[in-house]
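Every read-out reported here was derived from the displayed coordinates using simple, explicitly stated rules and does not represent laboratory data. Bear in mind the structure is a predicted one, so any value in this text is a computation, not a measurement. Cβ coordinates were reconstructed from backbone atoms using ideal geometry, including for glycine residues, and neighbour counts include every protein chain displayed.
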Amino acid sequence: MYRTCLVPAALLLAFCFAGCQTIKDFPDKVKATVYPDVTEPDESKIVRIANFDDLPVPPNFTVVPDQSFVFEHGAFRNARQVYMGAVHLDIITKFFEAHLPANGWKLVSSYGSSRQMTWRFDKETDACTIVAKYVKDYTVLTVCVTYK
């Protein structure tokens, strides 16, 4: 009886853990940092998506190249950029709500919890969805832009 339960339980655990995905090359022990004035950071430290100068990303984020892409053809812009950094969600919220409207984006909606936030911004022909998810001691930031 014990042996018949042990094999299915081990298989169930193997299937559960096989579906987990981790982002490589990011230190496990990075601690989130609170920056005193994120609404006016040093312009040289703001990250910008290639060919998307109107979409700044807070300082201290690094792009994850194998999970990101940018496509532009004429007026059509499409991008999915994944970033990792050690910045708290409240700091990220202040940054986006200050910088994106200053670049012509209109905040359509925002919602979330203490571990994940989602923002939707619109511009004339583009829509931008930003998801910030706090994982362990770092934040994964996904910025998606599409033609609306």
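Going by a ≥ b ≥ c, the root eigenvalues of the Cα gyration tensor, does the stretch 69-112 fall in the rounded group (a/c under 1.5), the prolate group (a/b larger than b/c) or the oblate group? Walk me through the intermediate numbers first.
Working: a/c = 2.41, a/b = 1.44, b/c = 1.68.
Oblate, because a/c is 1.5 or more while a/b does not exceed b/c.
Here are some pairs, K123/K148; K94/K133; K94/K136; which of them have Cα atoms lying more than 18 Å apart in this structure? Too far apart for the 18 Å limit: K94/K136.
Calculated FRET efficiency, V135 and K94, Cβ-Cβ r, R0 30 Å, to nearest 0.05? Write out the running numbers ahead of the final one.
Values: r = 20 Å, r/R0 = 0.68.
The value I calculate is 0.90.
Annotation for the stretch 49-148: GluC sites (Glu not before Pro) lying in DSSP loop with at most 12 further Cβ atoms inside 10 Å of their Cβ are E124. With R₀ set to 30 Å, the beta-carbon distance separating E124 from Q67 gives a calculated FRET efficiency near 0.60.
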